[in-house]
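The values are calculated or read from the model by the stated rules, or taken from the named source; none is laboratory data. Since this is a predicted model, take the numbers as computed values, not measurements. Positions of Cβ are backbone-derived with ideal geometry, glycine not excepted, and every protein chain shown enters the neighbour counts. Just so you know, the surface numbers come from the protein's heavy atoms only, side chains and all, with ligands and any DNA or RNA stripped out. Shrake-Rupley method; radii C 1.70, N 1.55, O 1.52, S 1.80 Å.
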Amino acid sequence: AGDAAYRYIAEAARLAQAGEVDAICTAPLNKAALHMGGHRYPGHTEMLAALTGTPEVSMMLTAPRLRVIHVTTHIGLLDAIARIEPGLVERTIARGHAVLVRAGIAAPRIGVCAINPHAGEGGLFGHGEEATKIVPAVEACQARGWAVEGPLPADTLFFRAGRGDFDLVVAMYHDQGHGPVKVMGLEEGVNITVGLPVVRTSVDHGTAFDIAGTGRADERSMLEAMRQAVTLATRRAAA
C-alpha cells in the first residue's frame, strides 16, 4: 500500500509537470506504510520536492482566520533549531510573501515567530537564537520594503493573527504552527506546498485509521483542499 501511494503521487506529479492536470490535491499519507514500501520520505512535501526537482519548498497551512508557513517541518525539535538559519528564514518569508501576492494580497502583513518563550526575553531564555537566526532575515525582508515584523512571542503573535493583524505567520517548527491552525479550524484547514512548480493542496490531518469504517470521518478539510486547488490553479493560469 505504501508503494502504491508513492506511485500515485509520482504519476500525479508527472501529469502536473506535463500540463495534463492543473493541480494536485492529496489525501492523507501513512508515513509508516510509505517507508515499508521502500520510499524514505518524511511526507508528501519532501516527496513532491524530489519528484519535481525542487531544492527547497515550504509547508503552508490555512484555516478560516489564519495562514501559517513553516521554516522547518518533519524533523525533531532539536534538529529543527539547529537547522534554522537566517537564509532559510528569509527564503521562507519570501515564498510566503510571493504566494500571498499571487493570491491578490498586494502588501501582505507578515509576523515572524520567535523560537524561545517571550522571544528570548532579551537573552534570558535560550542561547541568543532570535538575534542570530531570525533578526537578520527579518531585517533583510524589511529592506525589500515588505511589512515583516518579528521575531515575536508565538503565543501573542497567533492571537494577533487570529484577530486580523497579520496575513501570514512564519512558524519556526512543526508544532508551533500546526497547533494553532488545528485549534482554529481543523475541519476547514488546508495544507499548501509553497515553492513547487505545480499547485499542490492537501488536508491538514492524518490518515485516522482508528476511525476507518465507523462513519465518523469528517470530509470538510478534503473538500476545502479541493476548492483551494481549483482557486490556486485558476490564479496561476491567469498570471
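Identify which of Val101, Val199, Val135 has the largest mean-square fluctuation in a Gaussian network model of the chain, with springs joining Cα atoms closer than 10 Å.
Evaluated over the chain, the most mobile residue of the options is Val101.
Take the alpha carbon gyration tensor of the range 1-131, find the square roots of its eigenvalues, order them as a ≥ b ≥ c, and report rounded if a/c is under 1.5; if not, report prolate when a/b exceeds b/c, else oblate.
oblate
Given a 1.4 Å probe and every protein chain left where it sits, what share in percent of the accessible area of the chain is carbon and sulfur? Before the final figure, lay out the partial values.
On the way: 6450 of 11650 Å².
Using a 1.4 Å probe with all protein chains present, the chain comes out at 55 percent carbon and sulfur.
So how much accessible area does Val57 have, in Å² to the nearest 10, using a 1.4 Å probe?
30
Hey, what's the range 79-131 come to in accessible area per residue, 1.4 Å probe, Å²?
Dividing the accessible area of the range 79-131 by its residue count gives 46 Å².
Using only protein heavy atoms and a 1.4 Å probe, report how much of Thr73 is accessible, in Å² to the nearest 10.
Near enough 30 Å² of accessible area.
Give the residue list of GluC sites (Glu not before Pro) in the range 138-232 that are DSSP loop and have at most 12 other beta-carbon atoms within 10 angstrom.
Filter output for the range 138-232: Glu219.
Select one label from (i) 13.3; (ii) 17.8; (iii) 12.1: the one whose number is mean projected area of the Cα convex hull in nm² as derived from the coordinates shown.
(i)
Show that you can apply the helix-only estimate: for the chain, add -39,500 (n - 2.57) for every DSSP H stretch of four or more residues, divide by all residues, and state [θ] at 222 nm to the nearest 500.
-13000 deg cm²/dmol, from helical runs alone.
Taking the Cβ of Ile84 as the center, what net charge do the other residues with Cβ under 13 Å away carry, scoring Lys and Arg +1 and Asp and Glu -1?
That sum, taken over residues with Cβ under 13 Å, equals -2.
Of the options Gly189, Ala114, Met36, report the single residue whose Cα projects farthest towards the positive end of the charge dipole of the chain (beta-carbon charges: Lys, Arg +1; Asp, Glu -1).
Checking the options against the dipole of the chain, the answer is Gly189.
For the range 57-116, place one equal point scatterer on every Cα, skip the solvent, and apply the Debye formula. What is log10 of I(q)/I(0) at q = 0.13 Å⁻¹?
Debye output, listed in q order: -0.36.
Binning at 10 Å from 0, report for the range 162-239 what percent of all alpha-carbon pair distances ends up in each bin.
So the P(r) values, bin by bin, are 16, 41, 34, 9, 0.
Could you tell me which trypsin sites (Lys or Arg not before Pro) in the range 66-174 are loop residues by DSSP with no more than 12 other beta carbons within 10 angstrom of their beta carbon? All intermediate terms of the calculation are to be shown ahead of the outcome.
Values: sites: Arg67, Arg83, Arg91, Arg95, Arg102, Arg109, Lys133, Arg144, Arg160, Arg163; in loops: Arg144, Arg163.
Qualifying residues, ordered by number: Arg144, Arg163.
What is the sum of charges, Lys and Arg at +1 and Asp and Glu at -1, for the other residues whose Cβ falls under 12 Å from the Cβ of Met47? The partial results should precede the final answer.
Numbers: positive: Arg7, Lys31, Arg40, Arg200; negative: Glu46.
Net charge in that neighbourhood comes out at +3.
Along the principal axes of its C-alpha atoms, what lengths does the range 83-181 span, in descending order and rounded to whole Å?
Cα extents, longest axis first: 40, 27, 20 Å.
Using a Gaussian network model of the chain with C-alpha springs under 10 Å, which one of Thr45, Thr72, Thr54 is most mobile by mean-square fluctuation?
Thr54
Which value, in Å² and to the nearest 10, is the accessible area of His35 when all protein chains are kept and the probe is 1.4 Å?
Near enough 60 Å² of accessible area.
Would you mind working out the magnitude of the charge dipole of the range 38-112 relative to its Cα centre, with +1 at each Lys and Arg C-beta and -1 at each Asp and Glu C-beta, to the nearest 20 Debye? Display every interim value, and only then the final one.
Details: 8 positive and 5 negative charges, 66 e Å.
Charge dipole, the range 38-112, about its Cα centre: 320 debye, nearest 20.
Residues with beta-carbon under 12 Å from that of Ala217, excluding Ala217: net charge, scoring Lys, Arg +1 and Asp, Glu -1? Provide the component values of the computation, followed by the final result.
On the way: positive: Arg216, Arg220; negative: Glu187, Asp210, Asp218, Glu219.
Result for the local shell: -2.
May I ask for the distance between the Cα centers of the range 161-239 and the range 89-151, given as a whole number of Å?
Going from one Cα centre to the other spans 22 Å.
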